[in-house]
Amino acid sequence: MGRILQDIRYGFRSLYRNPGFALVAVSTLGLGIGANSAIFSVFYTVLLRPLPYHDANRLVALESLAPVALVKVIGVDRGPTCPAAFLEWKRQNGVFEKMAAFAPLEDLNCCVISGIEEPVQVSGSRVSEDFFPMLGVEPVLGRTFLTEEHRLGRNQVLVLSYGFWQLHFGGRQDVLGQTLGVNGRPHTIVGVMPPGFNLDLKFLDVKNMTISPAIWAPMDMSAENKNRDNHILSIIARLKPGISLERAQSDMTMISQRLRQKGSEFVEGCGVAVDSLDKSQRREHRLSLMILLMSAGLLLSIACVNIANLLLARSIKREREIAIRSALGAGRNRLLGQLLTENLLLSALGGCLGLIMAIWGVHLVNVFCQDFRFGWPAVQINGSVLGFTFLLSLFTGIVFGFVPALRLSQSNLQEQLKEGGRSASLGAGKHRLSRMLVISEVTLAMTLLTGASLLLKGFWRLRQTDPGFRVENILALDVGHTGSQPVNLFPQVLERITALPGVQSAALTSNIPVSGGGYYWAFQIEGHPEIDYEKGPMPHAQMEFVSPQYFSALFIPLKRGRFLAEHDSASAPAVVVINETMVHRFWGTQDPVGQRIRMGPGWYTIVGVVGDVRQNSLTKPPEPQAYISYLQYFQGDIQLVVRTAIDPLSLVNAIKTEVRRVNPDQPIVRVRTLEKVLAEDTASSRLLMSLMGGFAALALILAVVGIYGVLSHIVGQRTQEIGIRMAMGARPRDVLRLVLQYGLVLVLLGESIGIAASLAVTRVLANQLFEVTPTDPWTFVAVSLLMLVIALLACYVPARKAARLDPLVALHFE
């Protein structure tokens, strides 16, 4: 123990005597360790943190692979099931202890809560009897639902989420027994769940939307079972002890086949997919986080290479010191232990700095996720992250320091005295390890820079994509829709908003563009035979229910016919406007205006064709889309879009006032500009591109520093050789060319290997790129040239210094 403390004290004194070396080394390590710790914090929180439920590894999610009609129309291969199928699965299976169902509290995935300081719209869920007992999480206040409360007439009770309780009741204990209005119907609060109860419920939606319920209510399965075509339930279950996932899948497949053989209409063409709950909840961001973790690892590798180069350069100066200590009796193991202790001390200091940087980085990630409503939970630095940082620091200390320490511990006094001040020629074997490290550094930086450049190019093309509508000075307001706030009140609302100073146009829609949502309706073209969906895809369109001003408010262009008009009311003939994609897919070159299609409530006459709008996301191509006047039919949430001549956010309070003058109970759930909507849609791409771009920039800086450091050290070691060359007639430009050529060879070798590595690694990015291939040649050329130019600048400084040497000074022997 005393020897270790002695080595630590000596290591501190050694670093204190070389503050420049210590500062560069600790900062370099801090960057690498900090980036890895921050990304691991996100990785752990999103993908690795255990689900906060009892024996969570036995929890599974069950998803229906049918009906076929749903797959053909909506284009998804998995989704919720109907209540009748759930009851059969629950009755016949032999592999689950319990099985529970949940569904949106309302068909619209949201509900208006009244009875608090101001009406709000929240997400809610109905849950079956075994839901809370199966998850094994006790409420922090009150209770969950009783068996009899899952019956019609007794189910007007609520359990609140911890966040809703804190936000609207201030954590008061007297909340139990209070009454809240849920879409105008009174419900009694019976319990509050703990803050760790964060099961995100995935409901079938155009964008596979995940919601976090703020309230829960009991589900009446007897009422649900009456509608066998209502595929709305999401199912979770707990495996019996000793039952594997494969056994459960086999059992459910046999049940599905048995039901089909009996001709059960609710499982016609149906299958069941059984997956772990952990995987089903977290699969969405797995690939992007793996890419980020890999990128952070490459950055740390470059940092380690840089430190190894620094230590190699420093070891040259310490060879005599170590050789003398060896001659005085210090054994090889003793010297190696001392040098490794110094390296571990460096890595410990770098780890401390890295932890500080990780805390800062995690804060930035949380701010980003909050600003763009990103679907990640709050990221924290916990014990697992601290352990990861400690082990990473220890590992890097051993990796970057072992070879230089081993080389230095083998120094020989006699050889040192024999060498005196002599040196070998430029690029001798003595510097082979440094050259290899520089090549590997360029290779790693090239790989990381190529990946980041591909993401940047894809993101740039994404931002250049035409969404099909105007973005500037458009305000979007989510105002909700329930039976107690009928949509027929909104002609007055639109009239009042349009009359406000600074407002140019106001319109209503069931879904704001690019935000997803909406409904798909299958349709039949009049005069065409009805398609059997078992044999081919049924024609379908994404439905939007809008006011006539919607197209002019967003500058959606008219291509044929006319827009919807005010006279397209409930008493007028049913009409529809469709987009160009729908025309091209189902009519080709024919003019569809005047033709009729049957969908939803009945027959609609096509009166116009408009330009394509990217409704689901900028990353997804336009789909067949149909617009119906909200006065003739409406389904969905009420959204307002307001085009202004001034800053749209300055009109928010005035717009809210006009809405509540018409209906005082109407909540304004969310307000944002369409520019913010687009930013939220591209948040995932933006975050991945920003983080990888930051890593690539740091990697490039570290690589340049490494190249400069190695060449500066070699020039310093070869000063006398350069002096001899110049004394024998070499001109400064010859020396400049000699050093540049030496550096250029290293850089080109590193780039060649880096290009080959990038071609293999960037294929992982294929799903993250928008209109860019992983092997995009222009990106590879641009990155190669950028790397070459910056590396040559790093080589030029020491080369210029060598070219300006005075031969008399260079040939001076100490």
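The values are calculated or read from the model by the stated rules, or taken from the named source; none is laboratory data. Every value quoted in this text rests on a predicted model; they were computed, and no experiment measured them. When we count neighbours, we look across all protein chains shown, and the Cβ atoms used for this are built from the backbone with ideal geometry, even at glycine. Note: accessible area is taken over every heavy atom of the protein model, side chains too, but ligands, DNA and RNA are not part of it. Shrake-Rupley method; radii C 1.70, N 1.55, O 1.52, S 1.80 Å.
Brief remarks follow.
- Of all residues in segment 605-624, none satisfies being part of a loop (DSSP other than H, G, I, E, B), in contact with a strand residue (DSSP E or B) (Cβ under 9 Å, 6 or more places away or on another chain), aliphatic (A, V, I, L, M) and surrounded by fewer than 21 Cβ atoms within 10 Å (Cβ to Cβ).
- Taking the criterion of being in contact (Cβ under 8 Å) with a residue 40 or more places away in the chain and open to solvent by 60 Å² or more (accessible area, probe 1.4 Å), the only residue of segment 174-183 that qualifies is THR179.
- Condition met for VAL367 (out of contact with any Ser or Thr (no Cβ under 9 Å at 6 or more places or on another chain), at pLDDT below 70 and open to solvent by 50 Å² or more (accessible area, probe 1.4 Å)): no
- LEU688 fulfils the conditions (1) open to solvent by 30 Å² or more (accessible area, probe 1.4 Å); (2) modelled with pLDDT under 90 except for a single criterion, (1).
- Meets criteria (outside any loop (DSSP other than H, G, I, E, B) and either closer than 26 Å to HIS187 by Cα or at pLDDT 90 or above (or both)) for SER256: no
- Just one of the listed residues (GLY153, GLY171) is surrounded by fewer than 19 Cβ atoms within 10 Å (Cβ to Cβ) and either in contact with a Cys (Cβ under 6 Å, 6 or more places away or on another chain) or over 21 Å from SER222 (Cβ atoms) (or both), and it is GLY171.
- Residue selected from segment 535-585 under the condition in a strand (DSSP E or B) and of a type in the set (D, E, K, R), by the criterion most open to solvent (accessible area, probe 1.4 Å): LYS559
- ASP591 vs. criteria in contact with a helix residue (DSSP H, G or I) (Cβ under 9 Å, 6 or more places away or on another chain), open to solvent by 10 Å² or more (accessible area, probe 1.4 Å) and modelled with pLDDT under 95: yes
- For ARG126, the criteria (1) in contact with a strand residue (DSSP E or B) (Cβ under 7 Å, 6 or more places away or on another chain); (2) open to solvent by 60 Å² or more (accessible area, probe 1.4 Å) hold in every case but one, which is (2).
- Figure legend. Inter-residue proximity from segment 767-784: first residues without any contact (Cβ under 8 Å) to a residue 24 or more places away in the chain, second residues among the aliphatic types (A, V, I, L, M), beta-carbon distance below 7 Å, spacing 6+ or different chains. Indicated pairs: THR775/LEU759.
- Subset of segment 658-675 that is in contact (Cβ under 8 Å) with a residue 24 or more places away in the chain and part of a helix (DSSP H, G or I) - its residue that is surrounded by the fewest Cβ atoms within 10 Å (Cβ to Cβ): ARG661
- Each residue in segment 287-321 was checked for being more than 19 Å from LEU345 (Cα to Cα) and at pLDDT below 80, and 5 pass.
- Taking each residue of segment 230-242 that is under 8 Å from ALA61 (Cβ atoms) and at pLDDT 85 or above and looking for partners that are surrounded by 23 or more Cβ atoms within 10 Å (Cβ to Cβ) and among the hydroxyl-bearing types (Ser, Thr, Tyr) with beta-carbon atoms closer than 8 Å, six or more apart or interchain, yields ILE235/THR81.
- Cβ separations smaller than 6 Å between residues 6+ apart or across chains give the following pairs from segment 791-806 residues that are part of a helix (DSSP H, G or I) to residues that are among the polar types (S, T, N, Q) and open to solvent by 10 Å² or more (accessible area, probe 1.4 Å): PRO798/SER712.
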